[in-house]
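These notes are about the structure you will find just below.
Coordinate-derived values only; no laboratory data. Keep in mind that this is a model prediction, so the values were computed, not measured. Positions of Cβ are generated from backbone atoms using ideal geometry, with glycine treated the same way; all protein chains shown enter the neighbour counts.
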Amino acid sequence: MENELRPRKPYPTDVSDDEWAFVAPYLALMTPDAPQRRHDLREVFNALRWIVRAGSPWRLLPTNFPPWEAVYQQTRRWITAGCFDAMVHDLRAIRRWSEGRADDPTAVILDGRTIQSTPESGARAGYDGYKRRKGSKIHLAVDTLGHLLALHVTPANADEWDQVAVLAAAVQEATGANVELAFVDQGYTGERPAAAAAAHGIQLEVVKLPEAKHGFVLLPRRWVVERSFAWASRFRRLARDYERLPQTVAGLHFIAFACLMLHRLVAVVAHSP
């Protein structure tokens, strides 16, 4: 293999042998002996995991990884091919099966969060008056265990209720039109979001705050998606919108959730009898 790197000390983000055995078939877009491949695919994936977890710019990738250009180009190929979407889909089904649930959920939770823009993403950013922040909004759909189902990226000034149709269509595509109910917050109240969800066979159920509350209150069902956002925030590359393309932002979120779900799956297998 050309440009073979010298052995290096492992990073905590490196994929384990068990994890690699699962993900390799999803990432091998060509045969292992194809002449176009100049860098070890596992090392390219390790580099991608390091960037997403550590939050480094592409060009500051440590030199004991493959060149950043190769990692970036291969990442774009993986995202375009839907490799991580397929990986998350299968991992979600396996994790649900291990919890004694059906592979596809019948209920989901929808929500959105705003992340700060940067000079790279500022051209497509919007201003969120509620959060008082300029950036992008991540619209998320998760199952009742917090596993990612669908994701949509818009400028931060886009209303959450206006993205229901996009998320509902993506959710039904991911689950084979199995979802019947979606839990949402009061920002989705109204006839338009309800009609948009109903057009895809989903009923919206608004989870409201109690009339009298003191401090932070966990809402039934709704706390699950907030926990998913917290999981994603551990990946520093997702703390702000550093990408020029919204497709890359969405792809990096799928990568992060794939890493989380893969780690838990391996842990469950290791502790199972």
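Once the convex hull of all Cα atoms in the range 229-273 is built, its volume per residue stands at 63 Å³. For the range 93-186, the Cα-based Rg and Dmax, in that order, read 14.9, 46 Å. For the chain, the normalised intensity computed at q = 0.07, 0.09, 0.13 Å⁻¹ comes to -0.27, -0.45, -0.91 (log10 of I(q)/I(0), Debye sum over alpha carbons, equal scatterers, no solvent).
Each other residue within a Cβ distance under 12 Å of His139 adds +1 if Lys or Arg and -1 if Asp or Glu, for a net charge of -2. Using the Karplus relation 6.51 cos²θ - 1.76 cosθ + 1.60 with θ = phi - 60°, the per-residue 3J(HN,Hα) values for the range 229-243 come to 4, 5, 4, 5, 5, 5, 8, 5, 5, 9, 5, 9, 8, 9, 9 Hz, with x marking Gly and Pro. For the range 13-156, the fraction of C-alpha pairs more than 27 angstrom apart is 37%. The share of Cα pairs per 10 Å bin across the range 117-171, counted from zero up to the longest distance, runs 25, 44, 29, 2 percent. Here the alpha carbons of the range 124-273 define both size measures, Rg and Dmax, at 16.4, 52 Å. Our summary gives the range 6-77 a relative contact order of 33 percent, counting only alpha carbon pairs under 8 angstrom and 6 or more residues apart.
Would you mind counting up the charge near Arg244? Only other residues with Cβ under 10 Å from its Cβ, with Lys and Arg at +1 and Asp and Glu at -1. Summing Lys and Arg as +1 and Asp and Glu as -1 gives -2.
Shown here is the pair-distance distribution of the range 43-98: with all Cα-Cα distances grouped in 10 Å bins from zero up to the longest one, the shares run 22, 43, 25, 9, 0 percent.
Rounded to 0.05, the FRET efficiency of the Arg234 and Arg38 pair, given R0 = 30 Å and the Cβ-Cβ distance, is 0.40.
By per-residue mean of other Cβ atoms within 10 Å, what is the highest-first order of 12-19, 84-91?
Working: 12-19: 14.2, 84-91: 20.8.
Most protected by this proxy first, the peptides run 84-91, 12-19.
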